[in-house]
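Asks: Quick one: the structure is below, questions incoming.
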Amino acid sequence: MSVVERPRTAPVISTRMLRSELRLIFGRRRNIAGMGVLASVPIIIAVAIAIAGTPEAGEGPTFLSQVTSNGLFVGLAALAAELPLFLPLAVAAISGDAVAGEANIGTLRYLLTVPVNRTRLLAVKYAAILVFTVAAVLLVAAVGVLIGLALFGGGPATLLSGSQVGTAEGLWRLLLVCGYMSVCLAAFGAIGLFVSTLTEQPIGATIAVVGLALISQILDAIASLSPIHRFLPTHYWLAFGDLLRDPISTDLVLTGMLSAAAYALIFWTAAWARFAGKDVTS
Amino acid sequence: MSVLTARPALRWVVPVAVVAVVLTAGVAGRALTADADPSLPPRTAAQLLVDLQTSAVTGLSGTVVQRADLGLPELPVSLGGQGSSEFAGLVTGTHTLRVWYAGEQKQRIALLGTLGESDLVRNGRDVWTWSSSSNEVTHLVLPAADHEQPLPTDLPTTPQEAADAALAAIGPSTTVGTDGTATVAGRAAYELVLRPKDSESLVDQVRIAIDAEQMVPLRVRVYAQDATVPALEIGFSQISFETPGDEHFDFQPPTDASVTEASPGDPSAAEAASAAPTVIGDGWTAVLVTDAPDLTASTEEPSELTGILQSLPRTSGSWGSGWLLESALVSVLVTDDGELLVGAVSPERLFEVAAR
């Protein structure tokens, strides 16, 4: 085992370490399978609606009834359907694996023998999580848009406010939604990174982080707990709907981004504090 | 860094400090927008009422937050609970609305739900309602004569007269006063306070915050007896006095929405009028009496309502028997013979009315 096999002796300004990290993430067969699952949801939605027809307005998952009027809504419906569980699960799998995975298969100590300080290693790990998060969200949206436009075509897209926009404006709104969801999930990835530094079992870290997402959403649904709602990591996730109004309502979205930034900062620094003092034994 | 390398435990200071900074920033941000009472030249209640009449706001837009904490049972989202975008849901929880106002002819209110929205748009004679969750539009054309009606001659002609008339009208039942100032949506405001004189009312006071510069109400808070937090609050969280552009009022129904054309003389409106509630008593202790929803009806939605109703305590007296809902601000009595009585009064007053 040497530096040659795992080239991580990059100079300070270099993307080599990040590129190697990304190769690992996007090259692993289990991650490719996971992305396949993410991409299957819009396909299932589109095919099911093409065969069985749209549900009545007000029934079925959000945005589903509008799918036939504009194929773009397949992407939106898929994102809305995957936001509660599938997307957090994907981000949790990657971020939970980030440190614990290396510790588990025994590569972490080799990684730390090369002259790269732990802060930088953690920064690269988080950057890779960010790239994966954005890629996962865009993947769902892109597959949804492509199959939606292929099966149902473009057309006027009805915003939540009742006004209709063309396909170009619709695409732009969808991109905004993707951006906002990525920010929310990236903060969530920081929590995953922190938990990943606590254990040597990546699967344990992943389960813990997904559990946290579900518990947070359950607490958010209990109205009598409303005083604590704004502190929950998932509380502002559904604010992406505000990007689909006319005009766009920014209050909640901005608050949601601030909340995400706070969570990312807190848990990244916590991961840093933990990882620095951690005895790497395996 | 060398200290941190030697003593890694010290690194925990950093995340702890970040948590502290985030929480302080959050609290400070709230404190800045909340009650730092501004100092304003004093004005009397009568002067404020005149100000309200003379305010010449031609347009505004903003965000309104409405909070109801009436102690009512929580409604499920399907019946308009928190996060619902249906107007019927405004009786419980917290709701956010956006408003645009450009004179008498152009108004729009949007109730923002989670992934949903209901709109009410008036543009000249056209009135539109839109519900994103049901994809339904209703369209109403107001009669042309509506805004050309000659004004009744006994209406007050000056703001001062109007203010005097208002004070005289509410005088017997209400103590009107002012109480300091407040900051609402970042703006300095006077507080006008109305207190019912009748002790049977559950309302302790109503506080209306009036913008010190533009003289429009910014916030209304209703306090129940012995309560320190308002049972009902509706106020701007953000407001701009620039006249919003026409694009906000130009509603075109989506091509795939179901559009219902309604007219003011609609039979359904007449039907609704025949079942109109009667009001017994006046002022603060008025009681509204209407037909209770049929509990035996086997339609799908009201079954949840029936469930809520039947979870209420039973009560009986010389007036009969029924279900009683007591909350901080309102009491509701549903009698077994199908009457629904609602009022901001004590249950005893409802029993009196039921026994009439």
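The values are calculated or read from the model by the stated rules, or taken from the named source; none is laboratory data. In this text the structure is predicted, and so the values were computed from the model without any measurement. Cβ coordinates were reconstructed from backbone atoms using ideal geometry, including for glycine residues, and neighbour counts include every protein chain displayed.
Asks: Say we look at the stretch A:232-246 and pick out the residues that are in contact with a helix residue (DSSP H, G or I) (Cβ under 9 Å, 6 or more places away or on another chain) and over 22 Å from B:L23 (Cα atoms); which of these is farthest from the other protein chains (Cβ to nearest Cβ)?
Replies: Ranking the candidates gives A:L243 first.
Asks: Confirm whether A:A239 is more than 28 Å from A:A103 (Cβ to Cβ), touching a Gly at 6+ places or on another chain (Cβ under 6 Å) and among the hydrophobic types (A, V, I, L, M, F, W, C).
Replies: Spelling it out, A:A239 is indeed more than 28 Å from A:A103 (Cβ to Cβ), touching a Gly at 6+ places or on another chain (Cβ under 6 Å) and among the hydrophobic types (A, V, I, L, M, F, W, C).
Asks: Here is a follow-up. Taking the conditions exactly as written (under 15 Å from the mean Cα position of the chain (by Cα) and of a type outside the set (F, W, Y)), does A:T255 satisfy them or not?
Replies: It is false that A:T255 is under 15 Å from the mean Cα position of the chain (by Cα) and of a type outside the set (F, W, Y).
Asks: How many residues does the stretch B:100-116 contain that are within 11 Å of chain A (Cβ to nearest Cβ) and among the small types (G, A, S)?
Replies: Number of matching residues: 3.
Asks: Quick check on the stretch A:81-109: of everything there that is in a helix (DSSP H, G or I) and without any contact (Cβ under 8 Å) to a residue 60 or more places away in the chain, which residue is nearest to A:I49 (Cα to Cα)?
Replies: Restricting to residues being in a helix (DSSP H, G or I) and without any contact (Cβ under 8 Å) to a residue 60 or more places away in the chain, the top hit is A:A81.
Asks: Which ones in the stretch A:253-282 are in a helix (DSSP H, G or I) and either within 7 Å of chain B (Cβ to nearest Cβ) or touching a strand residue (DSSP E or B) at 6+ places or on another chain (Cβ under 8 Å) (or both)?
Replies: Passing the criteria: A:A262, A:L265, A:I266, A:T269, A:A270, A:W272, A:A273, A:A276.
Asks: Specify the residue that is surrounded by the most Cβ atoms within 10 Å (Cβ to Cβ); the eligible residues are those in the stretch B:274-313 that are at pLDDT below 60 and within 25 Å of the chain's Cα centre (by Cα).
Replies: B:P302
Asks: Could I ask something else about it? Suppose the filter is more than 18 Å from A:L79 (Cβ to Cβ), more than 12 Å from chain B (Cβ to nearest Cβ) and crowded, with 20+ Cβ neighbours inside 10 Å; does A:A128 pass it?
Replies: Taking the combined requirement at face value, the residue satisfies it.
Listed here are the residues, each with its yes/no results for (1) in contact with a strand residue (DSSP E or B) (Cβ under 8 Å, 6 or more places away or on another chain); (2) assigned to a strand (DSSP E or B); (3) small (G, A, S).
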site: B:L309; (1), (2), (3): yes, no, no
site: B:S316; (1), (2), (3): yes, yes, yes
site: B:G322; (1), (2), (3): yes, yes, yes
site: B:L325; (1), (2), (3): yes, yes, no
site: B:A328; (1), (2), (3): yes, no, yes
site: B:L333; (1), (2), (3): yes, yes, no
site: B:L341; (1), (2), (3): yes, yes, no
site: B:L350; (1), (2), (3): yes, no, no
site: B:V353; (1), (2), (3): yes, no, no
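Asks: Can you tell me how many residues within the stretch A:151-160 are within 13 Å of chain B (Cβ to nearest Cβ) and out of contact with any Pro (no Cβ under 8 Å at 6 or more places or on another chain)?
Replies: Adding up the residues that qualify gives 5.
Asks: Kindly list the number of the only condition in (1) among the aliphatic types (A, V, I, L, M); (2) under 23 Å from B:S132 (Cβ atoms); (3) surrounded by fewer than 20 Cβ atoms within 10 Å (Cβ to Cβ) that fails for A:L244.
Replies: Here A:L244 meets the rest and fails (3).
Asks: Okay, moving on. Step by step: first the residues of the stretch B:218-268, then only those that are more than 13 Å from chain A (Cβ to nearest Cβ) and of a type in the set (S, T, N, Q), then the one that is surrounded by the fewest Cβ atoms within 10 Å (Cβ to Cβ). Which residue is that?
Replies: So, considering only residues that are more than 13 Å from chain A (Cβ to nearest Cβ) and of a type in the set (S, T, N, Q), the one surrounded by the fewest Cβ atoms within 10 Å (Cβ to Cβ) is B:T228.
Asks: Exactly one condition in (1) at pLDDT 75 or above; (2) touching a Gly at 6+ places or on another chain (Cβ under 8 Å) is false for A:S65; which is it?
Replies: (1)
Asks: Of all residues in the stretch A:101-133, which are modelled with pLDDT of 90 or more and of a type in the set (A, V, I, L, M, F, W, C)?
Replies: A:L122, A:A123, A:V124, A:A127, A:A128, A:I129, A:L130, A:V131, A:F132 - these are the residues of the stretch A:101-133 that are modelled with pLDDT of 90 or more and of a type in the set (A, V, I, L, M, F, W, C).
Asks: Could you give every pair whose Cβ atoms fall below 7 Å, whose first residue belongs to the stretch A:179-203 and is at negative phi and surrounded by 22 or more Cβ atoms within 10 Å (Cβ to Cβ), and whose second residue is in a loop (DSSP other than H, G, I, E, B) and of a type in the set (A, V, I, L, M, F, W, C), counting only separations of at least 6 or pairs across chains?
Replies: Partner pairs satisfying both residue conditions: A:M181/A:L83.
Asks: Let me ask something additional. Do we have B:S327 as within 17 Å of B:S201 (Cα to Cα) and either modelled with pLDDT of 75 or more or in contact with a Gly (Cβ under 7 Å, 6 or more places away or on another chain) (or both) here?
Replies: It is true that B:S327 is within 17 Å of B:S201 (Cα to Cα) and either modelled with pLDDT of 75 or more or in contact with a Gly (Cβ under 7 Å, 6 or more places away or on another chain) (or both).
Asks: Restricting attention to the stretch B:21-41, which residues are at pLDDT 85 or above and more than 10 Å from chain A (Cβ to nearest Cβ)?
Replies: Of everything in the stretch B:21-41, those that are at pLDDT 85 or above and more than 10 Å from chain A (Cβ to nearest Cβ) turn out to be B:T24, B:P41.
Asks: Right, something else. Among the listed residues B:A209, B:A185, which satisfies the condition of being modelled with pLDDT of 85 or more, under 25 Å from B:V64 (Cβ atoms) and buried (at least 21 other Cβ atoms within 10 Å of the Cβ)?
Replies: Every option except B:A209 fails the conditions.
Asks: Further question on the same structure: Yes or no: A:S249 within 14 Å of another protein chain (Cβ to nearest Cβ), out of contact with any Gly (no Cβ under 8 Å at 6 or more places or on another chain), at pLDDT below 95 and surrounded by 16 or more Cβ atoms within 10 Å (Cβ to Cβ)?
Replies: Here the answer is yes, as A:S249 does meet what is asked.
Asks: Go through the stretch A:64-80 and report how many residues are among the small types (G, A, S) and buried (at least 24 other Cβ atoms within 10 Å of the Cβ).
Replies: 4
Asks: Among the residues of the stretch B:144-157, is there at least one that is modelled with pLDDT of 65 or more and more than 22 Å from B:V330 (Cβ to Cβ)?
Replies: Within the stretch B:144-157, one or more residues are modelled with pLDDT of 65 or more and more than 22 Å from B:V330 (Cβ to Cβ).
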